[in-house]
Amino acid sequence: MLDFFEMERVIEELAKAYPAQCATTWFKITKNHKPSEQEYRNKVVEYMKIFEYLLATYPQGPDTDTLKEFVKKILAREIQKVLKGDNKDVERRYNHYVLNSPSPDSTKDSLKQLSEQQNPNKSIDIIAKALIKKRQKDNNLMILVGEQVGENQVIDNEKNKLMINNRRRKKKTMTTTD
């Protein structure tokens with residue numbers, strides 16, 4: 001008898017490999033963010049059954065017939081595990097999807113956040129207004145936002161302004177002595 005060890009391993013890992021992800025995507029597309037456990041498991045099983053169609057690509061013969069029977073038996077066992085909720089990977093994927101799916105109320109909030117992300121100038125305006133308020137509050141530091149001096153140096157406060165002026169003076173004195 002032939003050893004179908006590889007096929008057995010594939011089928012045991014099948015639900016984790018692609019049917020659970022396909023089911024999750026299907027529920028996302030249909031906008032069913034909170035399917036029941038049984039709905040989710042049934043959808044995973046639908047995708048698992050597609051695996052049988054792969055066997056049609058094998059050449060006809062007695063070994064292929066043995067393989068097909070073996071695969072059907074192992075696949076039926078794994079399908080039963082999924083339907084009973086005994087497949088840890090499928091259950092984990094379901095819980096992750098349901099817990100992280102947006103509720104109808106949070107969808108509106110997500111759209112609002114997305115629109116704000118798509119309009120970065122709005123965020124920049126908010127930041128600029130906050131900086132202007134800070135400048136008005138703190139006259140001691142004299143924050144000058146965006147003023148450029150020399151080679152793209154930005155003055156942040158009075159202390160930096162003095163440092164830049166001192167650098168200029170040193171350069172001038174150095175050039176006059178040479």
field: Debye log10 I(q)/I(0) at q = 0.13, 0.16, 0.21, 0.26 Å⁻¹ for the stretch 39-86, Cα point scatterers
entry: -0.34, -0.48, -0.72, -0.92
- prompt: Hey, what do the phi angles of the stretch 8-25 turn into as Karplus ³J(HN,Hα) couplings, whole Hz, using 6.51/-1.76/1.60 and θ = phi - 60°, x for Gly and Pro?
  reply: 5, 5, 4, 5, 5, 9, 4, 4, 6, 5, 8, x, 5, 5, 5, 5, 4, 5
statement: residue 50 and residue 3 label points (each 7 Å along its Cα→Cβ direction) are spaced in nm at 3.2 nm
task: For the stretch 1-76, just list the percent of Cα-Cα distances falling in each 5 Å bin from zero outward, please.
output: 3, 14, 23, 20, 14, 11, 8, 5, 2, 0
- prompt: Which of the pairs 28/72; 68/88; 28/73; 31/72; 34/84 have their Cα atoms more than 24 Å apart in this structure?
  reply: 28/72; 68/88; 28/73; 31/72
query: Which peptide among 59-68, 10-19 comes first, and what is the full order, when sorted by highest mean count of other Cβ atoms within 10 Å?
result: 10-19, 59-68
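FYI, it's all coordinate maths here, none of it is from the lab. No experiment lies behind these values; they were computed from the predicted model shown. Backbone-built Cβ (ideal geometry, glycine too); neighbour counts: all protein chains shown.
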